[in-house]
Amino acid sequence: MNIFRTALLMAAMTALFMTVGALIGGQTGMIFALMFAVATNFFAYWNADKMVLKMYKAREVGAREAPELVSIVHGLAMKAQVPNPKIYLIENPQPNAFATGRNPENAAVAATTGLLKLLNRAEIEAVMAHELAHVKNRDTLTMTLTATIAGAISMLAQFGLFFGGNRNNGIGILGTILVVLLAPMAAMLVQMAISRTREFAADKTGAEICGNPMALASALNKLHRGAGDTTNEAAEKNPATAHIFIVNPLHGLRFDKLFSTHPRMEERISRLSAMAGGSSAHHYMNQQETKRPHSNRRRGPWG
């Protein structure tokens, strides 16, 4: 169902892209837009992972720098039947994580130091399983393409605003203005819907990989609270990358469900609880709530 919905949303995004190109620039504009999108996608396909890792000043770590984290990721990769990804650490107090890469053979997972200090081992395993689920499901490529198409639609809208659009499209000046204003918003909504769909899928697959849905639910609960209490300055400067993180890293604006890059946390936890079984899930979450914070955990093995 998630794959079918994603395919429909991708088709809607593509159709919107072609329609906007035709309305604003006619056949020439549509061809220009298509060429721009292909070129941008080609660049993003080969370079998006490097750009986002550099943006967050992530450093690659190995068994010497972070033996426990590397052991966790490699063990989960074997369970998920994907190649071992490169592992990165981000010096950032906000607890969060993301995956990137154009395919499973060229994937990377990154975790912040804040995440490693906040979560216990079972929860870290669950988060890394979630990120490997994105790799396994090839969500990193899907989200790169949707972000690129959304950007191309915004570029088309700006092109139409600057040049006045296609005078022979039959929708008139007012229609062109409406397309210019509404098309980027529509593209953003479709992109966010795809992002939310892929997060639900990664939660489910990640829980299956680690075999512990409630560890993931507990981790999401802690990360959601931790991210809300800690500012990620790099993410605030680059809000277009918010969708790649396991929980929303942004502050300041509280959009409703329609404008969120992530599903509602209550719904994510509810679905994971259903996977684990209601009574056992309730008991597990109560246990996690009553435990003391892990601020005094040993930090050496994580780098």
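The values are calculated or read from the model by the stated rules, or taken from the named source; none is laboratory data. Here the structure is a predicted model, which is why all the values come from computation and not from measurement. Here the Cβ positions follow ideal geometry from the backbone for every residue, glycine too, while neighbour counts run over all protein chains shown.
The one condition from (1) within 30 Å of Phe17 (Cα to Cα); (2) outside any helix (DSSP H, G or I) that Ala202 does not meet is (2).
The residues of the stretch 109-127 that are in contact (Cβ under 8 Å) with a residue 60 or more places away in the chain and not β-branched (Val, Ile, Thr), listed by number, are Gly114, Leu115, Leu116, Lys117, Leu118, Leu119, Asn120, Ala122, Glu123, Glu125, Ala126. Pairs meeting the criteria (first residue in the stretch 79-95 and closer than 13 Å to Val135 by Cα and in contact (Cβ under 8 Å) with a residue 12 or more places away in the chain, second residue outside any helix (DSSP H, G or I) and of a type in the set (Gly, Ala, Ser), beta carbons under 6 Å, at least 6 apart or on different chains) are Pro85/Ala107; Pro85/Ala108; Lys86/Ala108. Residues of the stretch 70-96 that are part of a strand (DSSP E or B), within 14 Å of Ile244 (Cβ to Cβ) and out of contact with any Asp or Glu (no Cβ under 6 Å at 6 or more places or on another chain): Ile90 alone.
Restricting attention to the stretch 229-240, the residues being under 21 Å from Leu118 (Cβ atoms) and either in contact (Cβ under 8 Å) with a residue 24 or more places away in the chain or not acidic (Asp, Glu) (or both) number 5.
Looking across the stretch 69-83, the residues that are surrounded by 16 or more Cβ atoms within 10 Å (Cβ to Cβ) and either among the β-branched types (Val, Ile, Thr) or over 14 Å from Gly211 (Cα atoms) (or both) come down to Leu69, Val70, Ile72, Val73, Val82.
May I ask you to list the residues in the stretch 97-118 that are basic (Lys, Arg), touching a helix residue (DSSP H, G or I) at 6+ places or on another chain (Cβ under 6 Å) and modelled with pLDDT of 95 or more? Spell out the reasoning first.
We begin by selecting, within the stretch 97-118, every residue basic (Lys, Arg); these are 102, 117.
Among the residues that remain, those that are also touching a helix residue (DSSP H, G or I) at 6+ places or on another chain (Cβ under 6 Å) are: 102.
Of everything in the stretch 97-118, nothing turns out to be basic (Lys, Arg), touching a helix residue (DSSP H, G or I) at 6+ places or on another chain (Cβ under 6 Å) and modelled with pLDDT of 95 or more.
Can you find a residue in the stretch 106-118 that is out of contact with any Lys or Arg (no Cβ under 6 Å at 6 or more places or on another chain), part of a loop (DSSP other than H, G, I, E, B) and surrounded by fewer than 24 Cβ atoms within 10 Å (Cβ to Cβ)? Within the stretch 106-118 (the criterion being out of contact with any Lys or Arg (no Cβ under 6 Å at 6 or more places or on another chain), part of a loop (DSSP other than H, G, I, E, B) and surrounded by fewer than 24 Cβ atoms within 10 Å (Cβ to Cβ)), the answer is no, since none of the residues qualifies.
Screening the stretch 119-147 for residues that are in a helix (DSSP H, G or I) and among the polar types (S, T, N, Q) and picking the one that is modelled with the lowest pLDDT gives Thr144. Figure legend. Inter-residue proximity from the stretch 243-264: first residues in a loop (DSSP other than H, G, I, E, B), second residues at pLDDT 90 or above and basic (Lys, Arg), beta-carbon distance below 9 Å, spacing 6+ or different chains. Indicated pairs: His262/Arg268; Pro263/Arg271. All of Glu105, Glu65 fail the test of being without any contact (Cβ under 8 Å) to a residue 24 or more places away in the chain and at negative phi, apart from Glu105.
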